[in-house]
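The values are calculated or read from the model by the stated rules, or taken from the named source; none is laboratory data. Source: prediction; values computed, not measured. Cβ atoms come from the backbone with ideal geometry, glycine included; neighbour counts cover every protein chain shown.
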């Protein structure tokens, strides 16, 4: 395995990476970084959730920026405000020891647009955005993308599954010209293939990391058979058995997240809900508490948990199985990040066993039944 220096990363960035505890490139980073540093090209990177895709595209993007030109040169699109904020923070940390400052702005729904417009009047080199808010700002002429060099689509499969197809097409049309497009995704469904065929070069480069297993091999997949009546008690026994370990518990609906969180709070657990109807300030407060370890558990819907990157989660729980296979992949990817091991545990009714067998075939994983 080559070091970051051997891949071509500048010493100032390597110093920042080491300070963040990132000393060895992951597989997607090792294969992607030299390609993106050397050539101006369209690119597709396929890798599991939690394998270090942000650094794989973020470091080459930062190398491209001409800091003395106060123009938007890089644009990163991500599906959720949490992921947008996380990407901005990570890129900012990478630039800690740079002599010339790279200015990065995050724009997303749920925050007052006037504040973001004011921020964008400052020198800005890279914008990290959710698709809907970006289009709002473009239409208000608050963002100038005429000097854009690189467009990054992060979690592209998630953006499409969340209904952003129309917005993505609009943005790709707005930014057409000399820019390169780098697309990163955990899966490569037909919708993305059509997007690639329409808007990206025929001579693109592609890196695919172990796509036979789209779920991280460090995750152990388990299920517990229970009943509707006993499900809460089963979950309580499971959480008790895990001691101090932290987890995200997934529900299908907003109401389900609120109800389950309230029930667990009554049982004395350190827990809060994260769901789409919450105000941005509330969401931020819950996420800060969870990331700092003040909360042990987070009860979340699929959409609300997109882009959450919390280190050291020992396991995740499927209070209900998700509607789509890709949701299972993204849920499970919240644990076993950065080379660690983790558990993905489903609470099942006997009638749902067939879904487990289908998941095993579709995703290429093996489940084991456990008791608590």
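Run residue 324 past the list (1) at pLDDT 90 or above; (2) farther than 28 Å from residue 89 by Cβ and report the number of the one that doesn't hold.
The single condition residue 324 does not satisfy is (1).
Can you name every residue in segment 41-59 that is out of contact with any helix residue (DSSP H, G or I) (no Cβ under 8 Å at 6 or more places or on another chain) and within 23 Å of residue 193 (Cβ to Cβ)?
42, 46
Exactly one condition in (1) in contact with a helix residue (DSSP H, G or I) (Cβ under 6 Å, 6 or more places away or on another chain); (2) farther than 26 Å from residue 358 by Cα is false for residue 219; which is it?
(2)
Could you tell me which of the residues 161, 176, 201, 185 is exposed (fewer than 13 other Cβ atoms within 10 Å of the Cβ), over 25 Å from residue 369 (Cα atoms) and touching a helix residue (DSSP H, G or I) at 6+ places or on another chain (Cβ under 8 Å)?
One residue alone meets the criteria, 176.
Would you check if there is a residue in segment 7-28 being within 19 Å of residue 185 (Cβ to Cβ), buried (at least 18 other Cβ atoms within 10 Å of the Cβ) and assigned by TED's automatic domain parsing to the domain that holds residue 152?
Within segment 7-28, one or more residues are within 19 Å of residue 185 (Cβ to Cβ), buried (at least 18 other Cβ atoms within 10 Å of the Cβ) and assigned by TED's automatic domain parsing to the domain that holds residue 152.
Every residue in segment 136-157 that is buried (at least 22 other Cβ atoms within 10 Å of the Cβ) and under 18 Å from residue 88 (Cβ atoms), please.
Those that are buried (at least 22 other Cβ atoms within 10 Å of the Cβ) and under 18 Å from residue 88 (Cβ atoms): 143, 150, 151, 152, 153, 154, 155.
Would you pick out the residues in segment 209-232 that are modelled with pLDDT of 90 or more and within 26 Å of residue 364 (Cα to Cα)?
Within segment 209-232, 219, 220, 221, 222, 223, 224, 225, 226 meet the criteria.
Quick one: how many residues across segment 89-115 are buried (at least 21 other Cβ atoms within 10 Å of the Cβ) and touching a strand residue (DSSP E or B) at 6+ places or on another chain (Cβ under 6 Å)?
Count: 4.
Got a sec? Which helices (runs of 4 or more DSSP H) wholly within segment 219-329 have at least 1 residues that are in contact with a strand residue (DSSP E or B) (Cβ under 7 Å, 6 or more places away or on another chain), over 24 Å from residue 340 (Cα atoms) and touching a residue at least 60 places away in the same chain (Cβ under 8 Å)?
Where helices (runs of 4 or more DSSP H) fall fully within segment 219-329 and carry at least 1 residues being in contact with a strand residue (DSSP E or B) (Cβ under 7 Å, 6 or more places away or on another chain), over 24 Å from residue 340 (Cα atoms) and touching a residue at least 60 places away in the same chain (Cβ under 8 Å), they are 231-241, 280-292.
With the requirement that a residue be touching a helix residue (DSSP H, G or I) at 6+ places or on another chain (Cβ under 6 Å) and either in a helix (DSSP H, G or I) or closer than 20 Å to residue 186 by Cα (or both), what does segment 330-358 give you?
344
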